[in-house]
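Everything below concerns the one structure shown next.
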Amino acid sequence: MVTERDVPAQQDLRHDWRLDEVLALFDRPLNDLLFEAQSVHRRHHPGNEVQVSTLLSIKTGGCPEDCRYCPQSIHYETGVEAHGLLPAGQVAAAARKARAAGSTRFCMGAAWRSPTSSQVRRVCELVEAVKDLEMETCATLGMLTPAQAQALARAGLDYYNHNLDTSREHYREIITTRTYQDRLDTLANVRAADIKVCCGGIVGMGESRRDRAGLLVELANLPEHPESVPINHLVQVEGTPLDGTPRLPPLELVRCIAVARLLMPRSVVRLSAGRTELSEETQALCFLAGAGSIFCGDQLLTTPNPSFDTDMEMLDGLGLERQAMPRRSTEGLRP
Ligand code: SAM
Ligand code: DTB
Ligand code: SF4
């Protein structure tokens, strides 16, 4: 059981990780790595609990960015059906359905490079509608200015998702239309507005282990660790440049989650996109490595996810409980 004494003060968390140290963690025998990751996990989080979030694409396709993994970029022919911002009634109905199925957080994604002020105002209304259902809210809308982040905070947004995606070195192979620094600036704006940060990346994009370690170093060395760290396993989509990339060995994903767990002990590590490609056994190892959250619902933003029933069967089989709403004791522990 987690007690106050087990939870180190923010200043005790490390923000000075070196790449060679992190690569050495990746190199550890798998048993040692998993044992240590699970031990750290249990010091800060319940051992048999998983937080469940549900995604909705509130604005789909037509995005001017060129992220080479993404089916929503205008640069690639992927057959994604584009639509504008959904009305509040439709979003609230989807959130209600997710809540009824046991999800505690509703994450709204929009295929924008950066929203306009009026678009942010409309998203604020969506946030308020979901908050009225007493669900936690998360949004991912692209780059934000300080004023936009503050407006979302005032509307009651709990989390903002904005990923670094990969290492600084590999980044230029993946996106050319916005810089790493642009992403760091948005993260700082979100933090300054006192919204919890959800920030992670994607593995399986043809990067090296050094790049995976480099991404985790960037995340762990942010001024504060993100409260939520999504580790996405690339969903390969026909028409995107990364379709056909050699698949990451499943145990490398497991190692990545374990290392994230060790570097950011209080953060909730999310086994995010790409679970349809993973066996139940691999997912079980990801939970052992310290994953504490998943997306449930038949669809992620535009790509498939395991069905709700399949996931509930998996969680039941593993003896994992869904976290009740809300968990204030172990997540979102801003000092
Ligand atoms: N347009 C906004 C942005 O990029 O900041 C928000 C939506 S975007 C789809 C959110 C995140 O989804 C991306 O940063 C990326 O990490 C993840 N993502 C997108 N396509 C993916 C894919 N094919 N496989 C895995 N993750 C993906
Ligand atoms: C995150 O890191 N993963 C989610 C969420 N944040 C927005 C998105 C995954 C998207 C997968 C591709 C798709 O469904 O379009
Ligand atoms: Fe646009 Fe976001 Fe997709 Fe990049 S990841 S193309 S910014 S929707």
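The values are calculated or read from the model by the stated rules, or taken from the named source; none is laboratory data. Because the structure is predicted, anything quoted here is derived from the model rather than measured. Note that each Cβ is placed from the backbone with ideal geometry, even for glycine, and that neighbours are counted across all protein chains shown. The area values use the complete protein model at the heavy-atom level, side chains included, leaving out ligands, DNA and RNA. Shrake-Rupley method; radii C 1.70, N 1.55, O 1.52, S 1.80 Å.
Across the range 80-115, what is the total count of residues that are within 16 Å of ligand 3 (Cβ to nearest atom) and closer than 16 Å to Val130 by Cβ? Step through it out loud before you land on a result.
First pass over the range 80-115, keeping only residues within 16 Å of ligand 3 (Cβ to nearest atom): 80-86, 107-115.
Then keep just the ones that are closer than 16 Å to Val130 by Cβ; that gives 85-86, 107-110.
Looking only at that region, the number is 6.
Please tell me if Cys286 is within 16 Å of ligand 2 (Cβ to nearest atom), open to solvent by less than 10 Å² (accessible area, probe 1.4 Å), within 16 Å of Glu36 (Cβ to Cβ) and not aliphatic (A, V, I, L, M).
Details: within 16 Å of ligand 2 (Cβ to nearest atom): yes; open to solvent by less than 10 Å² (accessible area, probe 1.4 Å): yes; within 16 Å of Glu36 (Cβ to Cβ): yes; not aliphatic (A, V, I, L, M): yes.
In short, yes.
Inspect the range 44-58 for any residue being farther than 22 Å from Leu141 by Cβ and in a helix (DSSP H, G or I) and give the result as yes or no.
Scanning the range 44-58, I find at least one residue that is farther than 22 Å from Leu141 by Cβ and in a helix (DSSP H, G or I), so the answer is yes.
Would you confirm whether any residue within the range 122-135 is over 16 Å from Lys196 (Cα atoms) and within 16 Å of ligand 3 (Cβ to nearest atom)?
Yes; the residues of the range 122-135 include at least one that is over 16 Å from Lys196 (Cα atoms) and within 16 Å of ligand 3 (Cβ to nearest atom).
Can you tell me which of Val52, Val7 is modelled with pLDDT under 95 and in contact with a Lys or Arg (Cβ under 8 Å, 6 or more places away or on another chain)?
Working: Val52 fails: modelled with pLDDT under 95.
Selected residue: Val7, the only one of Val52, Val7 that is modelled with pLDDT under 95 and in contact with a Lys or Arg (Cβ under 8 Å, 6 or more places away or on another chain).
Taking the conditions exactly as written (within 14 Å of ligand 2 (Cβ to nearest atom), open to solvent by 10 Å² or more (accessible area, probe 1.4 Å), in contact with a helix residue (DSSP H, G or I) (Cβ under 8 Å, 6 or more places away or on another chain) and modelled with pLDDT of 95 or more), does His233 satisfy them or not?
On the way: within 14 Å of ligand 2 (Cβ to nearest atom): yes; open to solvent by 10 Å² or more (accessible area, probe 1.4 Å): yes; in contact with a helix residue (DSSP H, G or I) (Cβ under 8 Å, 6 or more places away or on another chain): yes; modelled with pLDDT of 95 or more: yes.
Yes: the conditions hold for His233.
Scan the range 20-79 residue by residue and report those that are within 16 Å of ligand 3 (Cβ to nearest atom) and out of contact with any Ser or Thr (no Cβ under 8 Å at 6 or more places or on another chain).
Initially, the range 20-79 is screened for residues within 16 Å of ligand 3 (Cβ to nearest atom), giving 55-79.
Leu55, Leu56, Ile58, Lys59, Gly62, Ile74, His75, Glu77, Gly79 - these are the residues of the range 20-79 that are within 16 Å of ligand 3 (Cβ to nearest atom) and out of contact with any Ser or Thr (no Cβ under 8 Å at 6 or more places or on another chain).
Which count do you get for residues in the range 153-167 that are aromatic (Phe, Trp, Tyr) and closer than 12 Å to Leu219 by Cα? Explain how you work it out, then say what you get.
To start, the set of residues in the range 153-167 that are aromatic (Phe, Trp, Tyr) comprises 159-160.
From what's left, closer than 12 Å to Leu219 by Cα: none.
Residues flagged as aromatic (Phe, Trp, Tyr) and closer than 12 Å to Leu219 by Cα within the range 153-167 amount to 0.
Of everything in the range 78-99, what is farther than 22 Å from Gly274 by Cβ and of a type outside the set (Gly, Ala, Ser)? Give them in sequence order.
His83, Leu85, Leu86, Pro87, Gln90, Val91, Arg96, Lys97, Arg99
Given the criteria modelled with pLDDT of 95 or more and open to solvent by 10 Å² or more (accessible area, probe 1.4 Å), does Ala139 qualify? Give the derivation first.
Details: modelled with pLDDT of 95 or more: yes; open to solvent by 10 Å² or more (accessible area, probe 1.4 Å): no.
Considered against the rule, which asks whether it is modelled with pLDDT of 95 or more and open to solvent by 10 Å² or more (accessible area, probe 1.4 Å), Ala139 comes out as no.
Can you say whether Leu157 is in a helix (DSSP H, G or I), touching a strand residue (DSSP E or B) at 6+ places or on another chain (Cβ under 7 Å) and over 28 Å from Glu313 (Cα atoms), as far as the supplied structure shows?
Numbers: in a helix (DSSP H, G or I): no; touching a strand residue (DSSP E or B) at 6+ places or on another chain (Cβ under 7 Å): yes; over 28 Å from Glu313 (Cα atoms): yes.
Spelling it out, it is not the case that Leu157 is in a helix (DSSP H, G or I), touching a strand residue (DSSP E or B) at 6+ places or on another chain (Cβ under 7 Å) and over 28 Å from Glu313 (Cα atoms).
Has the range 62-78 got at least one residue that is within 27 Å of Gly201 (Cβ to Cβ), in a strand (DSSP E or B) and either of a type in the set (Val, Ile, Thr) or open to solvent by 20 Å² or more (accessible area, probe 1.4 Å) (or both)? Explain how you work it out, then say what you get.
Going residue by residue through the range 62-78, those that are within 27 Å of Gly201 (Cβ to Cβ) are 62-78.
Checking which are in a strand (DSSP E or B) leaves us with 63, 73.
Retained after the next criterion (residues that are either of a type in the set (Val, Ile, Thr) or open to solvent by 20 Å² or more (accessible area, probe 1.4 Å) (or both)): none.
Looking through the range 62-78, none of the residues is within 27 Å of Gly201 (Cβ to Cβ), in a strand (DSSP E or B) and either of a type in the set (Val, Ile, Thr) or open to solvent by 20 Å² or more (accessible area, probe 1.4 Å) (or both).
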